[in-house]
Amino acid sequence: MSDMDVFAAMGISGFGKALKKKQLDPNRFDKNKRDDVRHFGSVKEGKPVAGPSRPQTTATPPLPSTEDDSEDEMGPPPPQRNDEDPNAQEEPEYNLSDFDEEDDSPEFPITHEIVLKDHTKVVSALALDPSGARIVSGSHDYDCKLWDFGGMDMRCKPFKSWEPASSYHVHDLKFSNDGQKFLCISGTTQAKIFDRDGEEQATYIKGDPYIRDMKNTSGHVSELTSCAWHPRDSQTFVTSSADSTIRIWDIENKRKQKTVIVVKSKERGARTKVVTCGYSPDGGIIGGACFDGALHMWHANSNFARPNMTIEGAHTKNSETGSLVFSVDGRTVLTRGGDDTVKIWDLRAFKKPLAVRNEAPTLYPNTNAAFSPDDKYVITGAGAAAKGGSGRLLFLQKDNLEVVKTLEVGATPVRVFWHSKINQIVTGLSNGEICVLYSPETSLNGAKLLLNKGPPRKVTVEDMSDAVTAPHIITPHALPMFRDLEPGRGTKRKREKDRMDPRKSRRPELPVHGPGKGGRVGASATQHVVQNLVRDTMRDEDVSVCCHRDSSLVAFVLPFLLFLRFSAVFVLGYRCETRSFQGRCLWCDRP
């Protein structure tokens, strides 16, 4: 006898109250469907649907019973053979090509979208953590914002917003490989690291701007432009700057970088602005694009004295290259130039591009390009033709950069990120919006979590705490300040304690003893002099006591004083005869 049978016999059907499961609306994603795909149905009538084939059964008349049939015979009658019934329909064969042509599952996850709106200016930096649960965004409004798909509701607001570098634009953001921290690069000379909750963990040193040789400085001396994490070493990252250097940092050493790569330009002055940098997937190559149009590659195990591979004029001179991305296999490099071009390069033949895509307007220097998760396509943004117009997302073939699909968005796309785990495309626009494109069929979590929660449940009285629902009854005399206490009853200890308190007893300040006490430095200089004068006076001493104490001194000094007296009279008398004015002595004023 099973346990459930025992519980049923005892009248126990289960433990606790069975919760009613929330039923989600199957059409909940339709409200976020884009307008350009709203007229397409998910299943077309009269067309086969991809899936296992099912045999089509036909109605067969029952066989007439015969007398020879025995009652012990069991089971259904045998089916009628097709050769006996020529009108019977055959089972259609499964043809894979039919479903490939009519498969409605989208190739790109762009059928639905949600908009995250909280920035006031162009979104210049964008990053997702490796799990696809959080977005960090930076803008020209000086703010960084953290968005969490699991904690957001339909209002789509960030859970934290702050200014990482006061009044400086945010240029680049990159999550680490473990997703526990991210790099923040702004217009300052110092890189910062924050944890996934937005708390600052480290600020790295800035260099001395008066040192000419960039190898001798401990940090950057000009504004930062880009950053990249080492793909295999979570303790290493690189930063590029307008001071013509790429610096390799150890995350634990905030006082000095590990290595300095000085980029030399062929232009006069031998310096150029390094606008972007990046690591290859295996971490063996460091790439950098410069303002003079050059593209450089260094091996990570070299001495960085000069680049191992260089292309002068990879992009137009004095144009800012928005991004430099390596493919998954590490053989090709994708660059998005400020000269309205997208180019792909082969590191095995690093002389000219494999393919070039023109007519991709670039309105912001941070415009980037990225590979698709399957490494077959390239996605980038194209600016609006007129001010306030709509921008475009371009889906290009990786081999020849031919346009496969064009998607119109509300404003100029600046930053594009195609996440491989959740298969969703996150785009930062010039109007401050972040557009998240997804497909209910091929995407996983991410933006779908907002609609999977279902409508919010109505708040009932039981959900609220007793402190909120219960009425408050306050009697005035129940409060300590209004309580009437009888004097002499229960207040003795309180009065003694108040007596020891200098504030409650209003005790005057005690005189200061020593050099200083209680925050006071003692008496002033004038008081010090006056106190010493009063302390040294002899008006309160007895003369007889002093004479008796100094009798020996008086006996010796008195004859000497008498001698001086007579000598003075003789001298003054002589001087009175010789030095007089109007009949009076100039010394003693006698006639």
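Here are the numbers:
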{"read-out": "Selection count where residues are open to solvent by 30 Å² or more (accessible area, probe 1.4 Å) and assigned to a loop (DSSP other than H, G, I, E, B), scope region 440-458", "value": "10"}
{"read-out": "Test: residue in region 335-347 that is open to solvent by 10 Å² or more (accessible area, probe 1.4 Å), closer than 23 Å to His171 by Cβ and basic (Lys, Arg)", "value": "yes"}
{"read-out": "Residue list for region 143-168, filter: in a strand (DSSP E or B), open to solvent by 30 Å² or more (accessible area, probe 1.4 Å) and of a type in the set (A, V, I, L, M)", "value": "none"}
{"read-out": "Single match in His140, His171 (criterion: open to solvent by 10 Å² or more (accessible area, probe 1.4 Å), touching a residue at least 60 places away in the same chain (Cβ under 8 Å) and over 9 Å from the mean Cα position of the chain (by Cα))", "value": "His171"}
{"read-out": "Matching residues in region 404-439 - criterion: being β-branched (Val, Ile, Thr) and open to solvent by less than 60 Å² (accessible area, probe 1.4 Å)", "value": "Val409, Thr412, Val414, Val416, Ile422, Ile425, Val426, Thr427, Ile434, Val436"}
{"read-out": "Any chance Phe194 is surrounded by fewer than 22 Cβ atoms within 10 Å (Cβ to Cβ), under 20 Å from Ser124 (Cβ atoms) and modelled with pLDDT of 95 or more", "value": "yes"}
{"read-out": "Which listed residue is farther than 26 Å from Thr321 by Cβ, assigned to a loop (DSSP other than H, G, I, E, B) and under 11 Å from the mean Cα position of the chain (by Cα), from Asp197, Asp208", "value": "Asp197"}
{"read-out": "Enumeration of residues in region 147-168 that are without any contact (Cβ under 8 Å) to a residue 40 or more places away in the chain and among the small types (Gly, Ala, Ser)", "value": "Gly151, Ala165, Ser166, Ser167"}
{"read-out": "Scan of region 199-249 for residues that are farther than 16 Å from Phe175 by Cβ and surrounded by fewer than 15 Cβ atoms within 10 Å (Cβ to Cβ), ordered by number", "value": "Asp208, Pro209, Tyr210, Ile211, Arg212, Asp213, Lys215, Asn216"}
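The values are calculated or read from the model by the stated rules, or taken from the named source; none is laboratory data. None of these values were measured; they are calculated from a predicted model. Positions of Cβ are backbone-derived with ideal geometry, glycine not excepted, and every protein chain shown enters the neighbour counts. All accessible areas refer to the heavy atoms of the entire protein, side chains included, with ligands and DNA or RNA removed. Shrake-Rupley method; radii C 1.70, N 1.55, O 1.52, S 1.80 Å.
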